[in-house]
Ligand SMILES: NC(=O)c1ccc[n+]([C@@H]2O[C@H](COP(=O)([O-])OP(=O)(O)OC[C@H]3O[C@@H](n4cnc5c(N)ncnc54)[C@H](O)[C@@H]3O)[C@@H](O)[C@H]2O)c1
């Protein structure tokens, strides 16, 4: 969060920013980091189609804010400079385009959109309106991921050649099979919905974007559960540790047509080969990355700050579990291991043109979503290798120059 020691002069120098939230559900909680009165930034409005979500939001912020069930009313307000869009994935395109057309700066939750065309329409609208667009790939702000990036950039493993990510999701049955996440029409796939984070990290760590992808996946467990809530009921998508084993889950979404195991292979445009594997009913919850270069390998154990370590092997061994060097990741304050306050601070810095590069970009967000879309196509089409459409050069150039 912003420093509490700001002087009155420093504050007066900073232009006031007023922010609104669209989608006050679970992820909407990240908006709390946007309210920084000491930094002249105020969270002043929220829109959600669900009045219960609005009421809960009002109670959490504990002061008077503008509330509406119609996001267009929020966008019509001239006293709102920027919006955080945290609605379900299938609404991102509509909400981001409407916000950019209304002249608002946008913080859009990942994945950018659920179709390739949707992603590119958002980028085109941002360019047309010269709008500020920032996509919330907060995994890049996880201290453990930043440590891996730092080691790679420092040459600790030589030239990167391959990168593998295994994603264990113990809470899959809680968070993704009881509501809209379970439906292809709302997400395209969980490979895209969850994997967008990791495809993005693999691109970032490897310094390239996927050119060709092939995938396999299966709905292997959750379709066996017959205990479903009614279509008009809201599923309880909160995590409950006692929901174990996975087949004991109750109250699943009436429609389940997304896969619960997803595996993909990617060839990047710089020749690096990467893999991503995701299972929605593992007993534990974390991401394990290993990156292998010409002179070594790094791997993370645990992914939350205060509870994780990155190990480096850069000498020849047989089995050697401790590594040649260990980098313990210290505890940081804030949700997602400290990543959420950092990404919001970065967004505010970007809004204010305060300089310094951002570690996320709309172009990289586009490539992670588009790779997820194409991987889903391969997965549902006999694992055929599929080429990922490249972004037009003029659009890429536009964001290249506005995003450094
Ligand atoms: N970066 C992260 O770590 C992270 C974590 C969780 C979720 N997310 C992303 O955040 C988004 C929201 O996920 P969630 O888990 O909070 O979902 P959610 O279902 O809990 O919340 C979505 C909210 O949007 C509201 N909504 C739906 N349609 C709307 C509309 N047309 N206008 C206004 N409000 C509308 C719903 O009523 C709900 O309150 C997703 O895109 C998800 O991928 C990101």
(message) For segment 357-374, check the following and say yes or no: at least one residue is surrounded by fewer than 21 Cβ atoms within 10 Å (Cβ to Cβ), in contact (Cβ under 8 Å) with a residue 40 or more places away in the chain and either outside the structural domain of residue 288 (by TED's automatic domain parsing) or touching a strand residue (DSSP E or B) at 6+ places or on another chain (Cβ under 6 Å) (or both).
(response) no
(message) For segment 370-404, which positions are assigned to a helix (DSSP H, G or I) and modelled with pLDDT of 95 or more?
(response) 370, 371, 372, 373, 374, 375, 376, 377, 378, 379
(message) I'd like to check something: does segment 100-109 contain any residue that is under 12 Å from residue 132 (Cα atoms), touching a strand residue (DSSP E or B) at 6+ places or on another chain (Cβ under 7 Å) and near the ligand (Cβ under 9 Å from one of its atoms)?
(response) yes
(message) I need the full set of residues from segment 110-122 which are out of contact with any strand residue (DSSP E or B) (no Cβ under 9 Å at 6 or more places or on another chain) and within 12 Å of the ligand (Cβ to nearest atom), in order please.
(response) 113, 114
(message) Looking at the structure I just gave you, is residue 49 within 9 Å of the ligand (Cβ to nearest atom), crowded, with 19+ Cβ neighbours inside 10 Å and part of a loop (DSSP other than H, G, I, E, B)?
(response) no
(message) Considering only segment 22-34, I want to know if a residue exists there that is more than 13 Å from the ligand (Cβ to nearest atom) and in the same structural domain as residue 107 (by TED's automatic domain parsing).
(response) yes
(request) Looking at (1) in a loop (DSSP other than H, G, I, E, B); (2) touching a residue at least 24 places away in the same chain (Cβ under 8 Å), find the lone condition where residue 297 falls short. (result) (1)
(message) Can you tell me which residue is nearest to the chain's Cα centre (by Cα) among those in segment 225-243 that are away from the ligand (no atom under 16 Å from the Cβ) and surrounded by 10 or more Cβ atoms within 10 Å (Cβ to Cβ)?
(response) 243
(message) Among (1) modelled with pLDDT under 95; (2) crowded, with 17+ Cβ neighbours inside 10 Å; (3) not in a helix (DSSP H, G or I), there is one condition residue 5 misses while meeting the rest; what is its number?
(response) (2)
(request) Could you check, for segment 157-168, whether at least one of its residues is part of a helix (DSSP H, G or I) and buried (at least 24 other Cβ atoms within 10 Å of the Cβ)? (result) no
(message) Could you go through segment 60-79 and let me know if any residue there is within 23 Å of residue 175 (Cβ to Cβ), within 11 Å of the ligand (Cβ to nearest atom) and surrounded by 19 or more Cβ atoms within 10 Å (Cβ to Cβ).
(response) no
(message) Would you confirm, using the coordinates I've provided, whether residue 133 is buried (at least 24 other Cβ atoms within 10 Å of the Cβ) and modelled with pLDDT of 95 or more?
(response) yes
(request) Return yes or no: is residue 282 in the same structural domain as residue 196 (by TED's automatic domain parsing), assigned to a loop (DSSP other than H, G, I, E, B) and at pLDDT below 95? (result) no
(request) Considering (1) more than 14 Å from the ligand (Cβ to nearest atom); (2) closer than 25 Å to residue 334 by Cβ; (3) not in a loop (DSSP other than H, G, I, E, B), say which one residue 197 fails and leave the rest. (result) (1)
(request) Determine whether residue 257 is in the same structural domain as residue 223 (by TED's automatic domain parsing), modelled with pLDDT of 95 or more and either in a helix (DSSP H, G or I) or in contact with a strand residue (DSSP E or B) (Cβ under 7 Å, 6 or more places away or on another chain) (or both). (result) no
(message) Which condition from (1) surrounded by 21 or more Cβ atoms within 10 Å (Cβ to Cβ); (2) within 16 Å of the ligand (Cβ to nearest atom); (3) farther than 30 Å from residue 324 by Cα is the one that residue 144 breaks?
(response) (3)
(message) Can you tell me which of (1) within 29 Å of residue 391 (Cα to Cα); (2) in contact (Cβ under 8 Å) with a residue 40 or more places away in the chain is the one residue 153 doesn't meet?
(response) (2)
(request) Would you check if residue 44 is away from the ligand (no atom under 14 Å from the Cβ) and not in a helix (DSSP H, G or I)? (result) yes
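Here is a yes/no grid of residues against (1) more than 16 Å from residue 287 (Cα to Cα); (2) within 15 Å of the ligand (Cβ to nearest atom); (3) within 22 Å of the chain's Cα centre (by Cα); (4) modelled with pLDDT of 95 or more:
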residue	(1), (2), (3), (4)
151	yes, no, no, yes
160	yes, no, no, yes
171	no, yes, yes, yes
208	yes, no, yes, yes
217	yes, no, yes, yes
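The values are calculated or read from the model by the stated rules, or taken from the named source; none is laboratory data. These figures come from a predicted structure and were not determined experimentally. Methodologically, a virtual Cβ is constructed for each residue, glycine included, from the backbone with ideal geometry; neighbour enumeration extends over all protein chains shown.
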